[in-house]
1. Can you find, among Gly224, Pro208, Ala171, the residue farthest towards the positive end of the dipole of the stretch 169-246? Put +1 on the C-beta of Lys and Arg, -1 on that of Asp and Glu.
2. Net charge within 12 Å of Pro288 by Cβ-Cβ distance, Lys/Arg positive one each and Asp/Glu negative one each, not counting Pro288 itself?
3. Give me the distance in nm between label points sitting 7 Å out from Cα along the Cα-to-Cβ direction at Asp231 and Arg21, one decimal.
4. If you plug each phi of the stretch 293-310 into the Karplus form 6.51 cos²θ - 1.76 cosθ + 1.60 with θ = phi - 60°, what whole-Hz ³J(HN,Hα) values come out, in order, with x for Gly and Pro?
5. Can you list the GluC sites (Glu not before Pro) in the stretch 180-263 that are in a DSSP coil and have 12 or fewer other beta carbons within 10 angstrom?
6. By how many nm would the segment from Glu82 to Thr12 grow when fully extended, if each residue of separation counts as 0.36 nm and the alpha-carbon distance is taken off?
7. Once the Cβ-Cβ distance between Gln161 and Glu106 is put in as r, and R0 is 22 Å, what FRET efficiency do you end up with, to the nearest 0.05?
8. Tell me, how many Å apart are the Cα centres for the stretch 233-268 and for the stretch 273-326?
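Where a number appears in this text, it was derived from the coordinates with a stated rule and is not lab data. Fair warning: this is a prediction, and the values are worked out from it, not measured in the lab. We place every Cβ from the backbone using ideal geometry, glycine too, and count neighbours over all the protein chains shown.
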Amino acid sequence: MAPLLDDPWTGTESFFDYLTRRGVSRREFLGFCGRLAVLVGAGLAATGPPAAAAREIARRLGSAQRPNVVWLQLQECTGCLESALRSGSTPVDELLLELISLDYNELLMTASGSEANSLLAEAAQKPHLLIVNGSVPLKSHGAYCTIGGESAEAVLKRAAQNATAIIAVGACATYGSIQAASPNPTGAVGVDDVISGRPVVNIGGCPPIAEVITATIGYYLAYGHTPRLDDEGRPLFAYGQRIHDKCPRRANFDAGQFAERFDDEGARKGYCLYQLGCKGPATFAPCPTLEWNLGQSFPIKAGHPCLGCTEEQFFDRMTPFYQRVPDIPLPGIGVESSANVLGAAAVAASTGGVAIHAAATVIARQRKRRSTPESLPLAVLGETGAERPTEKRDKSG
């Protein structure tokens, strides 16, 4: 269901009023809220059974007003927005994402040139939700990505001034991704390496699962603040567990049943892909629980090893992609202990200066995040320097 140009979500309507006017039934709306309640889980303020949480979300989200949104696309491939546009099969999913993108999004809007620049300037002057795809190149005064004659860094900083919340969507926006891989010729960095004084919600992945994007935005609209974050600024409801912990091939891993080649008997039987380079033991992501394409599958289920794309500097730290992660003994010699204490540090011990640089970057970014509040409210933040109560991931399992 695509929104009509003459049928906008007006500033005087609640979200539920608008959905009703567009023909969306209460049953469909409650179904969406139920899926959102299951997805965000422990991040909800409500207690009790899932049905109660769904009713609370319905009450909060139904009364939400249309938000002003600026959606920037910097140094990236458009894959993250493509993922977001395929967030679900219900009219609520579609209307939620399509309508909040109306203020400014250069990929979807028809305006271009000076008209597009004027729309961005106007949208950035009022309080808005800022969503960012793509990394920020800093070398050569930002010449590697310019918009309207300005560097991506300048555009981002101006758009962030009145942002009530900032969501970095995708591996490029969270830490630079492939562009930031050694030797990082453009000087690519993530959004929170440029923006200071307020937290940036990082939705990791190359690209992220669409429902994680939808749920984060939905939570923000319903509760007026961003969800609880882990120590890398990612929503805990999505990035609180390793792929290894929920992997459908975990029983094969524990039994020592591994595919040695992509076409061998073990691969045909669905054995564990760890020997083929799977990074599931080092990757925190919701892929096994949410899956892709409306819950159809995800790489490991389809027979391909996890590449670890939700983790910081994955292109440096997780390569070679088709070689096993170091320092994890195979079953029979303490594999559970070793796999459970792996975490990012073991993977970072790959080779030379690349690993040292990646580890130093992680430490510096985590120190920066600890100095900012965890959950950003709707009002524009004016305070900086408050201790941020981060949720530490227990990488020991």
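1. Final value for the positive-end residue is Gly224.
2. Every neighbour counted, the sum reads +3.
3. It works out to 4.8 nm between the two label points.
4. After applying 6.51 cos²θ - 1.76 cosθ + 1.60, I find 6, 6, x, 7, 5, 8, x, 4, 4, 7, x, 10, x, 5, 9, x, 6, 8 Hz.
5. On the way: sites: Glu211, Glu232, Glu260; in loops: Glu232, Glu260.
Sites meeting the loop and neighbour criteria: Glu260.
6. On the way: separation 70, 0.36 × 70 = 25.20 nm, distance 2.98 nm.
22.2 nm is the gain from fully extending Glu82 to Thr12.
7. Working: r = 19 Å, r/R0 = 0.86.
Efficiency, rounded to the nearest 0.05: 0.70.
8. A separation of 8 Å, based on Cα centres.
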